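The values are calculated or read from the model by the stated rules, or taken from the named source; none is laboratory data. Note that the structure is a prediction, hence the values are computed from the model and not measured. Cβ sites come from the backbone with ideal geometry, for glycine too, and all protein chains shown count toward neighbours. Accessible surface is based on the protein model in full, side chains and every heavy atom, while ligands, DNA and RNA are left aside. Shrake-Rupley method; radii C 1.70, N 1.55, O 1.52, S 1.80 Å.
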Amino acid sequence: VEIYSLHVDCKVTSRFAHTVITSRIVNRANESREATFEVELPKTAFITNFSMSIDGEVYPGIIKEKAAAQNEYDSAVSQGQSAGLVKITDRKLEQFHVSVSIAAASKVTFELTYEELLKRQLGKYELLIKVRPKQLVKHFQIDVHIFEPQGIHFLETDSTFMTNELTEALTKEQNETKAHILFKPTLDQQKKNSELDETLLNGDFFVRYDVKREATAGDIQIVNGYFVHYFAPQEMPVFPKNVIFVIDRSGSMTGRKIEQTRDALLKILQDLRQEDHFSFITFNHKVVEWKSSLLPATEENVASAAALVQTLAARGGTDISGALLAAVGMLDKHEGLPERSVSMIILLTDGQPTSGERNVEVIQENVQKAINGKYALFCLGFGFDVSYKFLEKMALSNGGIARRIYENADAALQLQGFYQEVATPILMQIEMQYPENSIEGLTKNNFKLFFEGSEIIVSGKISNELDLLPVEIKAQSHTSNLTLKEEANVKEKEQVFQNQRYIFGNFIERLWAYLTIQQLLEKAISAQEEDQKALEAQALDLSLRYSFVTPLTSMVVTKPQQQEELANKPTEAG
């Protein structure tokens, strides 16, 4: 079975990426064989389409409500048949896998489409394409077109498998607002060495870039009555942070995990700013406060904290509740923290609560009551023994986020990377205001914190014939209260995307739907049960209307002989 053509075709328009992967396979044997299509795609993406055509006959994937699809599937298939087609493979990727039997000398074409909104992190957007054909491919290419009306500030490509020969197969063209990247290695360039038919193409291919930013109140783009507003202020004074690290040192952290935690914390301590205040709480079945209050991040305090970190040893149970409530108590009673400052608690744990309060719902409730909107809680779950659902709900209910730390060689880097994302808060209480009576379906438009290097995105539908879309942003910076104003000329903005040959349809409308679904699902995590049902119903409706495979929908993949399989979107919480 030979893959004779594999094309990855990606169009990024104003951060919204639309990727089509097409694989053509021929069975050169003289009996029927299994042809396999395996794609790893970013977890943040939604699959929107899949089809296979065998000798001219097309078998489409059909997106349905998950429960309905499951019922249909169960009745059609005897139990014990194939597990789902999509599974999480690492911290950034999930894998879509489908096989089909094809007759001798037959050909099959697989085509998968997925979409995602690229998220700005640490000052750049990253497009990740996983490359793993597992064999030499006669016609192999990655073709990326980027159009950013704000202008491209910088652009770089990177990969984990490049050699000097392969670099020759890579071309980049770029002007003010557009970039084209083509990677098209010949068979010889793909080979590990001339004797063996083994491929070098195995790993990650990255395109990273950022855009130019002129306007103070961000940038507005409009297509077919839908708008998107990007806001990423730069060069603002940084808020002092008051941060308490709450570190699990229970028995299960022994060995590599506690070592990696020590490594990461030592680096993070070096990154604290002089004006920050900080403290440590470590916990197993006992909760130990390093000091009774937060200390300024002076050189000697940081050195003394580093000495403590060096001695961290793991044993005993896990009292998550006691440790978090101690952290909140410490922030509550601390006098003399800078007036305009940002307080946060960063929890790192690798397990379930086994000491103190063990009921996760009670812990969530108590922690939320104690924090009461005053501080942000970030929860890092180390490995797969944590209840990620519990950590995610707790973080989202308290103005933070949760992240899983994968137990790989780079776990310390993952921890540091997370800290860097939240290390520089530059705005708080951000409100993005639009004319109420002329905008429908507005996505989330107020944000507690804005960290340098990230980006706020708001999207909505302009409901009546507006000529000008006025925008007002209110926020607090370290030094003052800000009000920023901007007006977008709707007709002019619509013109920007006319005649762009590689704009895919109503991409801002799809971006709006993607963002709305993501936010509804996130909101549902920390909502009460009846609200949860309403939020999920809305998200399901949009998933079906725009054909996205989300955690609420399934794609029914049809095959020859009336066979069917299901593709579901896995979530980090399982």
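Okay, residues lined up against (1) touching a helix residue (DSSP H, G or I) at 6+ places or on another chain (Cβ under 8 Å); (2) acidic (D, E); (3) on the phi > 0 side of the Ramachandran plot; (4) open to solvent by less than 60 Å² (accessible area, probe 1.4 Å):
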position: Q310; (1), (2), (3), (4): yes, no, no, no
position: N359; (1), (2), (3), (4): no, no, no, no
position: L380; (1), (2), (3), (4): yes, no, no, yes
position: Q416; (1), (2), (3), (4): yes, no, no, yes
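Consider region 201-236. How many of its residues are out of contact with any helix residue (DSSP H, G or I) (no Cβ under 8 Å at 6 or more places or on another chain) and within 27 Å of A475 (Cβ to Cβ)?
The number of residues fulfilling the criteria is 19.
Pick out the one residue from D248, D271 that is touching a helix residue (DSSP H, G or I) at 6+ places or on another chain (Cβ under 8 Å), open to solvent by 40 Å² or more (accessible area, probe 1.4 Å) and either more than 25 Å from S454 (Cα to Cα) or touching a residue at least 12 places away in the same chain (Cβ under 8 Å) (or both). Don't jump to the end; show me each part of the working.
Working: D248 fails: open to solvent by 40 Å² or more (accessible area, probe 1.4 Å).
The conditions single out D271.
Which pairs turn up if I take residues in region 289-315 that are in contact (Cβ under 8 Å) with a residue 24 or more places away in the chain and over 17 Å from I244 (Cα atoms) and look for partners that are in a helix (DSSP H, G or I) and open to solvent by less than 60 Å² (accessible area, probe 1.4 Å) with beta carbon separation below 8 Å, at least 6 apart in sequence or on another chain?
Correct list of pairs: Q310/R262; Q310/L266; A313/I258; A314/G251; A314/M253; A314/K257; A314/I258; R315/G251.
Tell me, which strands (runs of 3 or more DSSP E) wholly within region 84-185 include 3 or more residues that are in contact with a Lys or Arg (Cβ under 9 Å, 6 or more places away or on another chain), buried (at least 16 other Cβ atoms within 10 Å of the Cβ) and among the hydrophobic types (A, V, I, L, M, F, W, C)?
Working: elements: 86-88, 93-102, 107-117, 125-131, 139-147, 152-159, 170-174, 178-183.
Here the list reads 93-102, 107-117, 139-147.
Out of T261, T282, report the one residue that is out of contact with any His (no Cβ under 9 Å at 6 or more places or on another chain), among the β-branched types (V, I, T) and open to solvent by 10 Å² or more (accessible area, probe 1.4 Å).
Working: T261 fails: open to solvent by 10 Å² or more (accessible area, probe 1.4 Å).
Going through T261, T282 in turn, just one is out of contact with any His (no Cβ under 9 Å at 6 or more places or on another chain), among the β-branched types (V, I, T) and open to solvent by 10 Å² or more (accessible area, probe 1.4 Å): T282.
When L468 is evaluated against the numbered criteria (1) of a type in the set (A, V, I, L, M); (2) surrounded by fewer than 18 Cβ atoms within 10 Å (Cβ to Cβ); (3) under 27 Å from the mean Cα position of the chain (by Cα), which criterion, by number, is the only one it fails?
Of the numbered conditions (1) of a type in the set (A, V, I, L, M); (2) surrounded by fewer than 18 Cβ atoms within 10 Å (Cβ to Cβ); (3) under 27 Å from the mean Cα position of the chain (by Cα), the odd one out for L468 is (3).
Take region 509-562 and flag every residue that is open to solvent by less than 30 Å² (accessible area, probe 1.4 Å), polar (S, T, N, Q) and outside any helix (DSSP H, G or I).
T550, T553, S554, T558
May I ask you to list the residues in region 391-411 that are outside any loop (DSSP other than H, G, I, E, B) and open to solvent by 10 Å² or more (accessible area, probe 1.4 Å)? Before the answer, list the steps.
Here is the first cut: in region 391-411, the ones outside any loop (DSSP other than H, G, I, E, B) are 391-397, 402-405, 411.
Those that are outside any loop (DSSP other than H, G, I, E, B) and open to solvent by 10 Å² or more (accessible area, probe 1.4 Å): E392, K393, L396, S397, A402, R403, R404.
When N284 is evaluated against the numbered criteria (1) more than 20 Å from T424 (Cβ to Cβ); (2) without any contact (Cβ under 8 Å) to a residue 24 or more places away in the chain, which criterion, by number, is the only one it fails?
Unmet for N284, out of (1) more than 20 Å from T424 (Cβ to Cβ); (2) without any contact (Cβ under 8 Å) to a residue 24 or more places away in the chain: (2).
From (1) open to solvent by less than 10 Å² (accessible area, probe 1.4 Å); (2) in a loop (DSSP other than H, G, I, E, B); (3) not small (G, A, S), pick out the condition that doesn't hold for I345.
(2)
Please go through region 462-497 and give me each residue that is free of Cβ contacts under 8 Å to residues at least 24 places away in the same chain and assigned to a loop (DSSP other than H, G, I, E, B), ordered by number.
Residues of region 462-497 free of Cβ contacts under 8 Å to residues at least 24 places away in the same chain: 465, 468, 480-481, 483, 487, 489, 492, 495.
E465, S480, listed by residue number.
Which of the residues spanning region 444-461 are without any contact (Cβ under 8 Å) to a residue 60 or more places away in the chain and open to solvent by less than 40 Å² (accessible area, probe 1.4 Å)? Can you show your working first?
Filtering region 444-461 down to residues without any contact (Cβ under 8 Å) to a residue 60 or more places away in the chain leaves 445-447, 451.
Of everything in region 444-461, those that are without any contact (Cβ under 8 Å) to a residue 60 or more places away in the chain and open to solvent by less than 40 Å² (accessible area, probe 1.4 Å) turn out to be F447, F451.
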